[in-house]
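The next block holds one structure in the form of structure tokens; read it before the comments.
The values are calculated or read from the model by the stated rules, or taken from the named source; none is laboratory data. Keep in mind the model is a prediction, meaning the values are calculated, not measured. With ideal geometry, Cβ positions are generated from the backbone for all residues, glycine too; neighbour counts draw on all protein chains shown. Just the protein is used for accessible areas: all its heavy atoms, side chains included, with ligands, DNA and RNA removed. Shrake-Rupley method; radii C 1.70, N 1.55, O 1.52, S 1.80 Å.
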Amino acid sequence: MMERYDIHRSIPAILLALLVAATIFYAFVEVGFGEAKVDEEGSVSNRFISNSTQETGSSNFVTAVVVNYRGFDTLGEVTVLFLASAGMGAIVSALPAGDKRKRPIPPSLILTAGTRLVLPLIILFGSYVFVHGHLSPGGGFQGGVIIASGLLLYLVIFPEWKAPHKALALSESLAGLSFAGIGIIGLAVGGIFLDNVISGLGEAGMLVSAGLIPLIYIAIGIKVGAEMTGLVARMKGGDA
Amino acid sequence: MIGIQTIIGMAFISIGLLFQFLGALGLVRLPDVYNRLQAATKSITMGAISIAIGVGVIDLSLLPKALLVVIFLMLTNPLSSHAIARAAYNSGVPLWKGSVVDRYGPALKKLQKRRGRS
Amino acid sequence: MVKRTYTLLISIVMLFIAWGMLSSSLEYQEWIAGAVIALALGIALHRLMPEAGGGNPFSRGLRFLIFLIVLGKEMVLANIDVAYRVLHPRMPLRPGIVEVDTGIKSDLGKLFLANSVTLTPGTLSLDYIDDKLYVHWINVKGDGIKDSIEAVQPLRDLVEGAFE
Amino acid sequence: MEVTELVVYGSILLLAAVGIWGILSRRNLIKLILSLTILQTAVNLLLVSVGYISGRSAPIVNGDTGLDGSPIGEIVDPLPQALVLTAIVIGLATTAIALIVAVGYYRSTGTLELKSWSYGPSNEKEVKK
């Protein structure tokens with residue numbers, strides 16, 4: 001059904017949108033774009049910038065903040081993602097079954113062979129991104145989503161493929177457990193949950209450095225990859 | 001002082017941009033989906049590859065990554081254009097009226113008949 | 001069985017080289033991590049990879065290199081061809097879809113043939129039905145039925161040498 | 001006002017306006033969810049741009065210098081970027097839930113249009129029909 005252009009609804013909507021845009025402009029034009037606000041003594045960012053390389057050993061400041069200083073928050077974030085995935089599973093199982101439409105045209109040989117050749121490379125790239133989370137842009141969430149996008153490609157090309165939900169759930173919970181377990185190691189040794197107890201290990205800038213941060217990011221990568229794959233497979237519908 | 005490396009890299013990037021422009025022009029000028037895809041795929045693959053190599057030449061530490069991008073583009077870009085062309089044909093987009101021959105339509109019909117029977 | 005082992009080895013080496021290009025560093029830690037990940041992914045996913053043909057890997061690799069060089073040359077020619085057709089005021093087109101009996105059997109060979117056909121001048125691969133490749137050809141020679149093998153020359157022989 | 005500032009703030013305002021307009025005036029569920037993600041993008045862009053400092057490099061150390069060879073302290077503020085990373089993940093979770101609700105709506109009603117929830121004089125004809 002084509003959506004009609006509805007003047008009664010659009011004019012107030014446009015006015016409200018312009019009002020909000022004007023408010024944002026008015027509020028943020030005073031902030032000062034591109035000014036060095038972090039150099040003030042005692043600001044949180046300044047504390048992170050000047051100390052985090054020594055304290056965590058991570059070359060990437062964003063990773064140091066996300067996984068070390070706010071690691072507990074990240075654990076909550078991963079939990080939110082897990083809840084979304086579980087909630088989707090619950091909703092899908094309660095839905096009425098979709099109408100069985102006519103079978104789509106099967107993919108050609110070129111596409112299937114190409115997918116089979118490219119998929120391992122995509123998964124390798126995803127692993128590269130989450131293994132190098134403490135050295136370069138990227139990390140567990142991004143790498144996990146790259147892996148899931150590769151499996152989404154596989155799901156599109158081979159529609160008959162049943163996602164192995166049991167294995168996905170197993171790897172997801174094992175990864176989540178190891179995240180929490182690393183946190184408890186910190187609690188046991190350093191007295192703080194998720195304390196980076198071996199931060200001195202390795203030289204900054206090398207692959208083996210930054211203590212527990214790469215381990216946590218690997219766990220997050222596996223967990224996010226498994227969750228996203230399950231989420232996409234459920235979205236496909238049918239037999240979830 | 002601009003080094004010779006930068007000049008070569010910039011030359012590669014300029015050639016790539018030229019090819020990209022020609023591909024976009026072909027997308028506008030050529031008559032039907034299949035002819036347009038021909039121009040778009042070839043020019044845009046070549047243009048992107050040329051730009052990647054140019055970046056790799058300017059900063060040599062990026063060259064291996066640029067080559068990996070080149071390999072990936074050469075592997076996946078033809079695949080996507082093939083998928084678009086096939087989907088267009090299967091959903092009934094006609095060939096340009098000046099086309100001389102179409103051997104695919106009859107073969108596809110035969111295949112569908114066979115699939116429907118089995 | 002021999003072919004499977006061969007595919008496994010090839011895929012591990014391919015993944016390892018890809019890792020090396022991604023990290024582009026000479027640190028031994030990177031290479032160890034790459035070896036571990038390539039090994040794991042190769043063992044887990046080698047059943048998925050299209051099977052490589054048997055035969056002497058070195059002559060095959062050499063032929064693959066020649067294939068890549070010719071492909072590069074053809075890509076440049078293809079772009080000049082596109083430029084000529086697009087910039088010509090009357091646009092010399094004689095398009096059509098032709099059927100080519102390529103005679104290539106392996107999945108990998110078919111994939112590389114189809115991809116290279118798309119990148120060579122004037123042709124775009126559409127589909128494989130019963131081992132016959134259907135090619136959209138922008139400049140059909142003759143009536144498009146007898147001489148259709150010309151659409152996939154000269155890369156067909158190179159693909160056959162490298163993958164069959 | 002520099003060109004960068006104009007471009008960044010201009011795109012933020014444009015995205016926010018488009019998102020709000022879409023949420024208020026569209027009735028198709030998929031378009032609603034798209035508008036929501038556009039609005040999220042605007043907010044994320046706003047947060048990152050607050051942490052931007054002109055002339056400084058990305059918050060990553062490469063050996064003894066920053067990524068572009070500047071001294072170590074010369075980086076932009078990493079804190080908003082970490083915050084936005086969290087915001088993106090949470091936004092993704094909400095989008096996923098919204099999409100599955102849309103799938104359920106489609107399966108039970110056979111359409112993605114929010115007919116019975118809409119208001120205004122232009123809809124009564126449709127209801128009668």
How many residues are within 8 Å of another protein chain (Cβ to nearest Cβ) and without any contact (Cβ under 8 Å) to a residue 24 or more places away in the chain when one looks only at segment A:113-161? 9
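Let's see how each residue does on (1) of a type in the set (S, T, N, Q); (2) more than 20 Å from B:PRO106 (Cβ to Cβ); (3) modelled with pLDDT of 80 or more:
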residue: C:GLY103; (1), (2), (3): no, yes, no
residue: C:LEU119; (1), (2), (3): no, yes, yes
residue: C:TYR134; (1), (2), (3): no, no, yes
residue: C:ILE145; (1), (2), (3): no, no, no
residue: C:ILE149; (1), (2), (3): no, no, no
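Taking into account only those residues within segment D:1-17 that are surrounded by fewer than 17 Cβ atoms within 10 Å (Cβ to Cβ) and in a helix (DSSP H, G or I), which is nearest to the other protein chains (Cβ to nearest Cβ)? Reasoning before the result, please.
Let us first name the residues in segment D:1-17 that are surrounded by fewer than 17 Cβ atoms within 10 Å (Cβ to Cβ), namely D:1-7, D:10-11, D:14.
Now narrow it down to the ones that are in a helix (DSSP H, G or I): D:3-7, D:10-11, D:14.
Working: D:VAL3: 11, D:THR4: 7, D:GLU5: 4, D:LEU6: 9, D:VAL7: 11, D:GLY10: 9, D:SER11: 11, D:LEU14: 8 Å.
So, considering only residues that are surrounded by fewer than 17 Cβ atoms within 10 Å (Cβ to Cβ) and in a helix (DSSP H, G or I), the one nearest to the other protein chains (Cβ to nearest Cβ) is D:GLU5.
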Of the conditions (1) at pLDDT 80 or above; (2) open to solvent by 40 Å² or more (accessible area, probe 1.4 Å), D:LEU29 fails just one. Which one is it? (2)
Restricting to segment A:41-69, give me the number of residues that are closer than 21 Å to A:PRO214 by Cβ, of a type in the set (Ser, Thr, Tyr), open to solvent by less than 50 Å² (accessible area, probe 1.4 Å) and assigned to a helix (DSSP H, G or I). 4
Given the conditions (1) outside any helix (DSSP H, G or I); (2) among the hydrophobic types (A, V, I, L, M, F, W, C); (3) surrounded by fewer than 21 Cβ atoms within 10 Å (Cβ to Cβ), report the number of the one that A:LEU135 does not fulfil. (3)
Can you tell me which condition B:ALA24 does not meet? The list is (1) at pLDDT below 90; (2) buried (at least 21 other Cβ atoms within 10 Å of the Cβ), and all the others hold. (2)
Close pairs (6 angstrom Cβ cut-off, 6 or more residues apart or separate chains): within 7 Å of another protein chain (Cβ to nearest Cβ) in segment B:80-99, open to solvent by 50 Å² or more (accessible area, probe 1.4 Å) and part of a loop (DSSP other than H, G, I, E, B) anywhere: B:ASN90/A:ILE105
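Results for (1) facing chain B (nearest Cβ under 10 Å); (2) part of a strand (DSSP E or B); (3) at negative phi; (4) open to solvent by 40 Å² or more (accessible area, probe 1.4 Å), shown as yes or no for each residue.
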{"residue": "C:ILE69", "(1), (2), (3), (4)": "no, no, yes, yes"}
{"residue": "C:MET75", "(1), (2), (3), (4)": "yes, no, yes, no"}
{"residue": "C:ASP81", "(1), (2), (3), (4)": "yes, no, yes, no"}
{"residue": "C:VAL86", "(1), (2), (3), (4)": "yes, no, yes, no"}
{"residue": "C:ARG90", "(1), (2), (3), (4)": "no, no, yes, yes"}
{"residue": "C:VAL100", "(1), (2), (3), (4)": "yes, yes, yes, no"}
{"residue": "C:GLY103", "(1), (2), (3), (4)": "no, no, no, no"}
{"residue": "C:GLY109", "(1), (2), (3), (4)": "no, no, yes, no"}
{"residue": "C:ALA114", "(1), (2), (3), (4)": "yes, no, yes, no"}
Across (1) under 30 Å from A:GLY183 (Cα atoms); (2) open to solvent by less than 30 Å² (accessible area, probe 1.4 Å); (3) modelled with pLDDT of 75 or more; (4) not hydroxyl-bearing (Ser, Thr, Tyr), A:PHE72 clears everything bar (2)
If I filter segment B:35-53 for residues that are modelled with pLDDT of 90 or more and surrounded by fewer than 20 Cβ atoms within 10 Å (Cβ to Cβ), do I get at least one hit? yes
Looking at segment A:162-177, can you tell me whether even one residue there is buried (at least 20 other Cβ atoms within 10 Å of the Cβ), of a type in the set (A, V, I, L, M, F, W, C), part of a helix (DSSP H, G or I) and touching a residue at least 12 places away in the same chain (Cβ under 8 Å)? yes
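Against the definition (assigned to a helix (DSSP H, G or I) and either closer than 13 Å to A:PHE125 by Cβ or of a type outside the set (A, V, I, L, M, F, W, C) (or both)), how does C:LEU15 come out, yes or no? I'd like the intermediate steps shown before the answer.
Working: assigned to a helix (DSSP H, G or I): yes; either closer than 13 Å to A:PHE125 by Cβ or of a type outside the set (A, V, I, L, M, F, W, C) (or both): yes.
Yes; evaluated as a whole, the condition is true for this residue.
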Could you go through segment A:187-197 and let me know if any residue there is under 24 Å from A:TYR69 (Cα atoms), touching a Ser or Thr at 6+ places or on another chain (Cβ under 9 Å) and among the polar types (S, T, N, Q). yes
Could you check segment B:2-21 and list, in sequence order, the residues that are open to solvent by less than 50 Å² (accessible area, probe 1.4 Å) and among the aromatic types (Phe, Trp, Tyr)? B:PHE19
Which residues, counting only those in segment A:150-183, are over 19 Å from the mean Cα position of the chain (by Cα) and among the hydroxyl-bearing types (Ser, Thr, Tyr)? A:TYR154
Would you pick out the residues in segment C:79-89 that are closer than 17 Å to B:ASP32 by Cβ and either among the hydroxyl-bearing types (Ser, Thr, Tyr) or free of Cβ contacts under 8 Å to residues at least 40 places away in the same chain (or both)? C:VAL82, C:VAL86
Which members of segment C:27-60 meet the condition of being more than 7 Å from chain A (Cβ to nearest Cβ), more than 24 Å from the chain's Cα centre (by Cα) and either at pLDDT below 80 or open to solvent by less than 80 Å² (accessible area, probe 1.4 Å) (or both)? C:GLY34, C:ALA35, C:ALA40, C:ALA44
Tell me which of these B:TYR34 doesn't satisfy, since it passes every other one: (1) touching a residue at least 24 places away in the same chain (Cβ under 8 Å); (2) at the interface with another protein chain (Cβ under 9 Å from one of its Cβ atoms); (3) under 30 Å from B:MET10 (Cβ atoms). (3)
List every residue pair whose Cβ atoms lie under 6 Å apart, where the two residues are 6 or more positions apart in sequence or sit on different chains, the first residue falls within segment D:43-58 and is at the interface with chain A (Cβ under 7 Å from one of its Cβ atoms), and the second residue, located anywhere, is small (Gly, Ala, Ser). D:TYR52/A:GLY34; D:ILE53/A:GLY34; D:ILE53/A:ALA36; D:SER54/A:GLY34
Among the residues of segment B:61-72, write down those that are more than 7 Å from chain C (Cβ to nearest Cβ) and open to solvent by 40 Å² or more (accessible area, probe 1.4 Å). B:LEU62, B:LEU63, B:VAL69, B:ILE71, B:PHE72
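Working only within segment B:90-118, note down all residues that are over 18 Å from B:GLN38 (Cβ atoms) and among the hydroxyl-bearing types (Ser, Thr, Tyr).
Taking segment B:90-118 first, the residues over 18 Å from B:GLN38 (Cβ atoms) are B:90-92, B:105-118.
Hits for segment B:90-118 are B:SER91, B:SER118.
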